[in-house]
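Colleague: Attaching a single structure in structure tokens format; questions to follow.
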Amino acid sequence: MDRAGSVSVCLCHGCRSSSANRGGWHPLSRSCTVPGDRPFRTGGRPKLLMLTRHQRLGSSSRLRLLDYRPYLEAQGWSIAVGYFYDDPYLQRLNAGRRGLLSAVPGALLRRVTQLFNARGFDLLWIEKELFPFLPGLFERLAYWHRLAYVVDYDDATFHRYDQHTSWFIRTALSNKLAPLLRSAAAVTCCNAYLAERLAALGASAVTEIPTVVDPTRYQLAQHRAGDELRIGWIGSPSTARSLDLVREPLEALGRRIPLRLVVIGAAVDPKIKVPTERHPWSEDTETGLLQTLDLGIMPLSNRPWEQGKCGYKLIQYMASGLPVVASAVGANRSVVSAETGFLVTDPSEWLAALTRLAEDCALRMAFGRAARIRAEQHYSIQMSAPVVASVLRSAFNGVRGP
């Protein structure tokens, strides 16, 4: 379990701290409080155990749980982290290497050990599930020490089971999350589709919290007319196949104007016949690479799994001051507004949207400015951290819901 120190940065916007910088983002202070803060029911520093799927290399683990650690520690929590898969496993997975099953016994033992040692904690915060691809009986171990717990989702994890190609998996595991959800003090997720499905599986208190960015990490892109148009996509190898949805529009646009597809975090499909540029993903370099783009894209198929996506790519583009073009699927429809980009449904609409942005630098700049403002106002950790803290505090105090 990781008990490493955290960054001393205050993430509370509109804080009532006595700091000279009150009302904005300022150095961390133990006096930092936000509107709606309530004291803990009991004295002392409550102990929270985050049970994540991955370490920081895993985007969901990082964005949905780990990034809140500095804020929560400033609010009085003592926090430890127990991960299921380690970073080397995820690195092998992203590289398409074999032998991944050999990591499973160690991951299972690590998670059982974490649960056995959880007696000293006051609250568990679980990412998605405790034991991937094991029956729901094992999820009941969340209640081993009769501790309250909160579960978070930013993917349609249930569709890994109820939409699986194997009849056996569908039959045995379709409802595996139900025991975990029914006993949860609270459940959080990133969009309405997930909230509805989780409630159907037994969750009684579901709070929608979008996946967010820290805008202070993102510098604004510099839009220039007349240069090669840099169209960006960021993501993992498992989601890169979605780029096939825009292959024909990109190739058609590439026959009209100079363009380059910039892919961050995955290999470039050789079937896409346009100039390309590929960069490995790292937390240290991602924001600088986004700053070099002219616009960002998020193609998605309209299938159940994609309905559970949270639109995080779009939020990153918007925080970088980029206009966006996205498939009108799932959370994309709520993230993208008419002032920040285009929602499209077929190849002809993709081509029309990309062409319009390619030909109008002023429009790209206007959309980019509006996108940055929207990211700050609706999709920043400064806005979501107090909501997360409220959910956890209520669960600790024995109150269902935030």
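The values are calculated or read from the model by the stated rules, or taken from the named source; none is laboratory data. These figures come from a predicted structure and were not determined experimentally. Note: ideal-geometry Cβ built from the backbone for every residue, glycine included; neighbour counts use all protein chains shown.
Colleague: Exactly one condition in (1) buried (at least 17 other Cβ atoms within 10 Å of the Cβ); (2) modelled with pLDDT under 95; (3) more than 24 Å from CYS310 (Cβ to Cβ); (4) out of contact with any Cys (no Cβ under 6 Å at 6 or more places or on another chain) is not met by HIS223; state its number.
Modeller: Result: HIS223 fails condition (4) only.
Colleague: Now for a separate question. Of the residues that sit in the range 155-177 and are within 14 Å of PRO132 (Cα to Cα) and among the small types (Gly, Ala, Ser), which one is farthest from the chain's Cα centre (by Cα)?
Modeller: For the range 155-177, the residue satisfying everything is ALA172.
Colleague: Here is a further query. Given the criterion outside any loop (DSSP other than H, G, I, E, B) and assigned by TED's automatic domain parsing to the domain that holds ASP227, identify the matching residue among ALA338, ALA371.
Modeller: Among ALA338, ALA371, only ALA371 is outside any loop (DSSP other than H, G, I, E, B) and assigned by TED's automatic domain parsing to the domain that holds ASP227.
Colleague: Sort out for me the helices (runs of 4 or more DSSP H) sitting completely within the range 152-204 that have 3 or more residues that are closer than 21 Å to LEU300 by Cβ.
Modeller: Per the criteria, 159-162, 192-200.
Colleague: Here is a further query. I need the full set of residues from the range 103-113 which are within 17 Å of LEU180 (Cα to Cα) and crowded, with 17+ Cβ neighbours inside 10 Å, in order please.
Modeller: ARG111
Colleague: Continuing with this model, one more query. Every residue in the range 264-299 that is closer than 27 Å to ARG356 by Cβ, under 20 Å from the mean Cα position of the chain (by Cα) and hydroxyl-bearing (Ser, Thr, Tyr), please.
Modeller: THR287 - this is the single residue of the range 264-299 that is closer than 27 Å to ARG356 by Cβ, under 20 Å from the mean Cα position of the chain (by Cα) and hydroxyl-bearing (Ser, Thr, Tyr).
Colleague: For the range 59-71, name all the residues that are in contact with a helix residue (DSSP H, G or I) (Cβ under 7 Å, 6 or more places away or on another chain) and crowded, with 23+ Cβ neighbours inside 10 Å.
Modeller: Across the range 59-71, the qualifying residues are TYR68, TYR71.
Colleague: From the list PRO210, PRO179, PRO135, exactly one residue is touching a Lys or Arg at 6+ places or on another chain (Cβ under 7 Å), within 30 Å of ARG45 (Cα to Cα) and touching a residue at least 40 places away in the same chain (Cβ under 8 Å). Which is it?
Modeller: Testing whether each residue is touching a Lys or Arg at 6+ places or on another chain (Cβ under 7 Å), within 30 Å of ARG45 (Cα to Cα) and touching a residue at least 40 places away in the same chain (Cβ under 8 Å) leaves just PRO179.
Colleague: Among the candidates ALA328, ALA338, single out the residue that is more than 20 Å from ARG230 (Cα to Cα), free of Cβ contacts under 8 Å to residues at least 24 places away in the same chain, in contact with a Leu (Cβ under 8 Å, 6 or more places away or on another chain) and surrounded by fewer than 24 Cβ atoms within 10 Å (Cβ to Cβ).
Modeller: ALA328
Colleague: Quick one: LEU181 ticks every box in (1) closer than 30 Å to GLY288 by Cβ; (2) buried (at least 18 other Cβ atoms within 10 Å of the Cβ); (3) in contact with a Ser or Thr (Cβ under 9 Å, 6 or more places away or on another chain) bar one, so which box is it?
Modeller: Result: LEU181 passes all but (1).
Colleague: Consider the range 341-359. How many of its residues are within 27 Å of LEU194 (Cα to Cα) and without any contact (Cβ under 8 Å) to a residue 12 or more places away in the chain?
Modeller: Of the residues in that region, 1 qualify.
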